[in-house]
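Below you'll find the structure, written out as structure tokens, and then a few comments.
The values are calculated or read from the model by the stated rules, or taken from the named source; none is laboratory data. Note that this is a predicted model, so its numbers are computed, not measured. Note that each Cβ is placed from the backbone with ideal geometry, even for glycine, and that neighbours are counted across all protein chains shown. These area figures cover heavy atoms from the full protein model, side chains too; ligands, DNA and RNA do not enter into them. Shrake-Rupley method; radii C 1.70, N 1.55, O 1.52, S 1.80 Å.
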2 protein chains.
Amino acid sequence: MRKGEETRTRILDVAEAAVLAKGFGATSIDELIAETGITKSGFFYHFRDKNELAKALLERYIENDERIYDEIFSRAHELSDDPLQAFLLGLKLLSELLSDLPNGHPGCLVATMCTQERAFDREIQEINRQAALMWRQRFGGMFREIMCHYRPREALDADQLADMVSTVLEGGIVLSKALKEPKSLPDQLLVFRTFVRLLFQPMAQA
Amino acid sequence: MRKGEETRTRILDVAEAAVLAKGFGATSIDELIAETGITKSGFFYHFRDKNELAKALLERYIENDERIYDEIFSRAHELSDDPLQAFLLGLKLLSELLSDLPNGHPGCLVATMCTQERAFDREIQEINRQAALMWRQRFGGMFREIMCHYRPREALDADQLADMVSTVLEGGIVLSKALKEPKSLPDQLLVFRTFVRLLFQPMAQA
DNA sequence: CCGCTCCTGTACCGCCGGTACGGTTCTCCG
DNA sequence: CGGAGAACCGTACCGGCGGTACAGGAGCGG
């Protein structure tokens, strides 16, 4: 029981690193079992096929992702009662966290699954969609609360603003990888942060 | 001579669609030759291996991408002499173009290659990097020109702003695919457009 | 000691990327 | 019109990989 879970976790750890580095297709099962020190039979005992591995990988990744956002933004809300300040602080904390990753962000599994969508079944696509919707809900709620206290200089939809957070994160990851500049991602997040601050900045002559 | 180029183009057309839909790894050569109506030998006459196909695919994609940006922003600059207005107009035109794609944006090959980076050789990674740098240069130039005429409300680096264009495009593509909402990408671009307008909007009491 | 979880070992299949190579057809140029 | 490439076709083959099948064994809790 305990032993099985531990092996499964080890497989997922190895697989996640490999998939983020090389893509799902380029990650072979043989390679995974070699690194985890189990046999092929052992692998297929835990995962029916590669698709189920992808599913488990994705679910675990999203879960962890949510946990990180929970931590960061709850900490930000502890430090400031103002919803705008808390959000801006959260973005800053997130940017700093991303800056501290030595080799840059390892990549987002949601994005990897997206760029290879038809290679996976609809279940995985649906998990992916739900993840994006959760992000929208999370940040959308924050923007709605901000809008209760601040009047935006431009009329923008809270959900679209929320999607902008995901967009900047996903796009920043892609750009960082393409440019081989780990700093781009946290930088882009800070640029977005400036935009948000600007958007809700009270008019000069109120 | 002419014939060869045409076949090669047909292979690339089929391959591009398949790669964007399923990912590079999930796209088999057998499948490509079946759809193009040639044989395996014929395929390997045109491309030494799959990696060279990827390279040709990527180069053609980037070339086409650049051409589209050239057209849109040169048209925008014809319609307005003001660099800010021209840029904002360009974003609008781009957003409209993206809106008109019936099934949404098919995906960016640069991003797909990024999420599977180690599966390809360094040459491809370098092409990818150069593409991102070209985007930076293109939009960076525009922002620098804008900054000659407008004073931004917040001090932001022109290159980082330029990267933001790429970020929003790449991130928007990912989000659109994840959410299965084609409209998200053009919407995100318009949100960014609003930010840019806000950034360079003259102060109320100048 | 039974039974269950958690594997190992072996053998095998079909698909796929890639190689090798001989032959064929088409195309353009002289 | 004829020859020389260019642009393929056909066939056979290889190794790696995803996946299946199935038999068996170690360890562990009840």
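Things worth noting here:
- For the stretch B:50-200, the share of accessible area belonging to carbon and sulfur comes to 48 percent (1.4 Å probe, ligands and nucleic acids excluded).
- Computed about its Cα centre, the charge dipole of chain B is approximately 200 debye, with only Lys, Arg, Asp and Glu carrying charge at their Cβ.
- Estimated purely from DSSP H runs of n ≥ 4, each contributing -39500 (n - 2.57), the mean residue ellipticity at 222 nm for the protein assembly as shown is -25500 deg cm²/dmol once divided by its residues.
- Surface accessible to a 1.4 Å probe, per residue, for the residues of the protein assembly as shown, Å²: 47 Å²
- When each of the peptides A:32-44, B:170-182, B:14-26 is scored by the mean number of other C-beta atoms lying within 10 Å of its residues, the order from highest to lowest reads B:170-182, B:14-26, A:32-44.
- Solvent-accessible area lost in complex, 40 Å² minimum, residues of the stretch A:176-200 relative to chain alone, 1.4 Å: A:177, A:178, A:179, A:180, A:188, A:191, A:194, A:195, A:198
- For the stretch A:1-41, heavy-atom accessible area (probe 1.4 Å) falls by no less than 20 Å² from the chain alone to the full protein assembly at A:21, A:22.
- Loop GluC sites (Glu not before Pro), the stretch B:94-158 (other Cβ atoms within 10 Å of the site Cβ: 14 or fewer; DSSP): B:154
- Relative contact order (percent, whole number), the stretch A:51-200, Cα cutoff 8 Å, 6+ residue spacing: 28 percent
- Within straight-line reach of residue A:183, meaning a Cα separation under 28 Å, sit the following lysines at least 8 residues removed in sequence or on another chain: A:22, A:92, B:55, B:177.
- Part-to-part distance (alpha-carbon centres) for the stretch B:64-94 and the stretch B:29-53, which is given in Å: 38 Å
- Label zone at residue A:148, where the point sits 7 Å out along the Cα-to-Cβ direction: the stretch A:81-98 residues whose backbone N lies under 12 Å: A:82-84
- Copies compared at residue A:59 - label distances in nm, ascending, label defined 7 Å from Cα in the Cβ direction: 4.5
- Cross-link reach list, lysines versus residue A:40, counting only Cα pairs under 16 Å and skipping chain neighbours closer than eight places: A:50
- Counting every pair of alpha carbons in the protein assembly as shown, the share spaced more than 32 Å apart comes to 39 percent.
- Interface burial for A against B (accessible surface, 1.4 Å probe, total of both chains, Å², rounded to 100): 4800 Å²
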